[in-house]
Amino acid sequence: MRQQGMVLLSALVIMLILIQLVLSLMQGVMLFEKTSHQLKKSHHDFYQLESTAYRVVALPVDEQCRGAAQEIHPVLAALHHGLGCSFVAGEKTYLYRVQDLGDFSCLPLQVAPGTYLASHHWLLTMIERGTRGEAIQLRFVTRGGMQFCPGLIMKVVTPGVLSWRHVLLAPEVEKNKPNVAL
């Protein structure tokens, strides 16, 4: 009788250990699924932000959305506090600023064989209104004025987007009020 009780107790302990193991594995799978879904949503939101930024670059630069070149932190803080131009794409609203970086004579555009004009560079910074996680910056080129390159090396560029970067926002950027007028 005593051995049957011990076998029953051992079987119950083994079953409880197996149940606990199965439950912890199920919890791990559910956490993985949740993380995977959030990552997919984050990627989708970023690609949508990038696509919208390319659409804004194709538009003429609005005078009200233009500002002088400055560091990224004041621009991001201003955008997070609603200071910027808005662009609606579908159900989402995006805020952006365009900074005038000026003419670059040693990065010219070729307008005809043997004829070059300085390239004019702009920096677009864009966020999705209401989100706190990320921004995108696109540096794009338009036709500038006639300038002489003082250096010996010229690199011919084409009009359009020259480079871009994905910016992950630090919490202190979100808290700070903008201290510069854009």
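Derivation of every value follows stated rules applied to the coordinates shown; laboratory data play no part. These numbers come from a predicted model, not from an experiment. Methodologically, a virtual Cβ is constructed for each residue, glycine included, from the backbone with ideal geometry; neighbour enumeration extends over all protein chains shown.
Summing charges over neighbours of Ser105, with a neighbour being any other residue whose Cβ is under 14 Å away from its Cβ, gives +1 when K and R count +1 and D and E count -1.
For Val161, the residues 5 or more places off, or on other chains, whose built amide H falls under 5 Å of its own are Val141. The computed percent of Cα pairs over 28 Å apart for the structure shown corresponds, within (1) 69; (2) 47; (3) 37, to (2). The phi torsions of segment 154-163, fed into the Karplus equation with coefficients 6.51, -1.76 and 1.60 and a -60° offset, translate into couplings of 10, 10, 6, 10, 10, x, x, 6, 8, 7 Hz, rounded to whole numbers, with Gly and Pro shown as x. May I ask what percent, to the nearest 5, of DSSP beta bridges between residues of the chain are antiparallel? Given both bridge residues lie in the chain, the antiparallel proportion sits at roughly 90 percent. Charge tally for Lys92 (other residues, Cβ to Cβ under 15 Å; Lys, Arg +1; Asp, Glu -1): -1. Judged by the mean number of other Cβ atoms found within 10 Å, the most tightly packed of the peptides 3-11, 104-112 leads the ranking 104-112, 3-11.
Over the chain, Cα pairs under 8 Å with separation of 6+ residues give a relative contact order of 19 percent. For Cys85, the residues 5 or more places off, or on other chains, whose built amide H falls under 5 Å of its own are Tyr96.
With the helix formula -39500 (n - 2.57) applied to DSSP H stretches of n ≥ 4, the chain reaches a computed 222 nm mean residue ellipticity of -13500 deg cm²/dmol. Could you count how many Lys pairs in the chain have their Cα atoms under 30 Å apart, skipping same-chain pairs fewer than 8 positions apart? Lysine pairs meeting both conditions in the chain amount to 9. The distance between label points at Leu59 and Asp45 comes to 2.2 nm (points 7 Å beyond Cα on the Cα→Cβ vector).
Sequentially through segment 89-96, phi angles give Karplus couplings (6.51, -1.76, 1.60; θ = phi - 60°) of 10, x, 9, 9, 10, 10, 10, 8 Hz, Gly and Pro residues having no value and appearing as x.
Couplings 3J(HN,Hα) of segment 147-152, computed from phi: 9, 9, 7, x, x, 8 Hz, in residue order, whole Hz [Karplus 6.51 cos²θ - 1.76 cosθ + 1.60, θ = phi - 60°; x for Gly and Pro]. Helix 2-57 and the longest principal axis of the C-alpha atoms of the chain enclose an angle of approximately 10°.
Amide H contacts of Leu169 (H built 1.01 Å from N, in plane; Pro and chain starts excluded): Glu134, Ala135 sit under 5 Å, all sequence-distant by 5 or more or on other chains.
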